[in-house]
1. Would you tell me the accessible area of E136, worked out with a 1.4 angstrom probe on the heavy atoms of the protein chains, in Å² to the nearest 10?
2. Could you pull the accessible area for Y126 with a 1.4 Å probe, rounded to 10 Å²?
3. Pull up the cross-link candidates among the lysines for K161, meaning alpha carbon to alpha carbon under 30 Å and not fewer than 8 places away within one chain.
4. With a probe of 1.4 Å, find how much accessible area the chain has per residue, and write the answer as a whole number in Å².
5. Under 21 Å Cα to Cα from K5, which lysines show up? Leave out anything in the same chain fewer than 8 places away.
6. In terms of solvent-accessible area of protein heavy atoms at a 1.4 angstrom probe, what is the ranking of S86, S96, highest value first?
7. Using 7 Å Cα-to-Cβ label points, what is the F100/S132 separation (nm, one decimal)?
8. Determine ³J(HN,Hα), in whole Hz, for all residues of segment 62-67 in sequence, where each value follows from phi through the Karplus function 6.51 cos²θ - 1.76 cosθ + 1.60 and θ = phi - 60°; x replaces Gly and Pro.
Amino acid sequence: MDQKKIAIYPGTFDPVTNGHLDIMVRANTLFDKLIVAVALSPKKNPLFSTTERVGFIKEALNGQDKIEVHSFDNLLIDFAFEHKASVIIKGLRAVSDFEFELQMGLMNRNLNNQIETVFMIPSQEYSFLSSSFIKETAQHGADIRHLVPKCVYDGLQIIRK
Ligand code: COA
C-alpha cells in the first residue's frame with residue numbers, strides 16, 4: 001500500500017513573511033500533505049501570541065488545500081513522528097544559515113533516523129528576509145507591504161512608532 005508523504009515545515013513564524021510562504025507553496029507541490037508547525041518558542045519572546053501566528057499563516061494560505069497549520073511545544077522530531085511525517089523542511093536563505101541548520105538536522109537525525117531533513121531555497125527576492133528585520137523595519141514605519149501578507153502588515157501596525 002502506498003504511504004502518503006507528509007512533510008513538516010517548522011518555525012517560530014513571528015510573524016510569517018512572504019519568504020516563509022514561498023517555501024510553503026514550493027514544498028506543497030512535493031508532498032501529499034504539508035504541516036506548518038508553529039513553535040511556541042518562549043525563549044525568542046515572540047511579539048505575537050501562538051494563536052495570532054497560526055491565524056496569520058492560515059489567513060495567508062487561504063485557498064491552499066493540503067496544508068495544515070498547527071502549533072507545538074515539544075521536540076520537533078516527536079511532533080513529526082506523532083503526525084506520521086517522514087520529512088522536515090528547512091529553508092536555507094544563505095550560507096550563514098547552513099552551519100546551524102546542519103547541526104539541528106544532525107541532532108534530529110540522531111534522535112530519529114527515519115525522518116529526513118530536506119533543505120529548500122527560497123526565491124532570491126526573499127533570501128535576505130527574517131521576521132526580526134520585518135518587526136524592526138515595521139516599527140520605524142518602513143513600507144514592507146511587498147514582504148508580508150496583508151494580515152501581517154495590518155497586525156504590525158500596533159508596533160509602529
Ligand atoms: N523567509 C523568511 N525568513 C526566514 C525564512 C524564509 N524562507 N527561513 C528562515 N527565516 C527566518 C525566520 O523568520 C527567523 O527569523 P528571526 O530569527 O528573525 O525570528 C530565522 O530565519 C530563523 O528561522 P528558523 O531557522 O525557522 O528558526 P526559528 O527560531 O523560527 O524556529 C525551530 C526554530 C522552531 C524549528 C527549532 O527551534 C525547533 O525545532 N524547536 C523545537 C524544539 C526542538 O526540537 N529542539 C531541538 C532542535 S535540534
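1. Looks like 110 Å² after rounding.
2. For Y126, the solvent-accessible surface is approximately 40 Å².
3. The reachable lysines, counting only those whose Cα sits under 30 Å from K161, are K43, K44, K58, K135, K150.
4. On the way: 9490 Å² over 161 residues.
Roughly 59 Å² per residue, with all protein chains present.
5. K33, K66, K84, K90
6. On the way: S86 30, S96 100 Å².
Descending order: S96, S86.
7. My value for the distance between the label points is 0.7 nm.
8. 2, x, 8, 6, 6, 10
The values are calculated or read from the model by the stated rules, or taken from the named source; none is laboratory data. These numbers come from a predicted model, not from an experiment. Cβ sites come from the backbone with ideal geometry, for glycine too, and all protein chains shown count toward neighbours. Areas reflect the complete protein model, heavy atoms only, side chains present, ligands, DNA and RNA absent. Shrake-Rupley method; radii C 1.70, N 1.55, O 1.52, S 1.80 Å.
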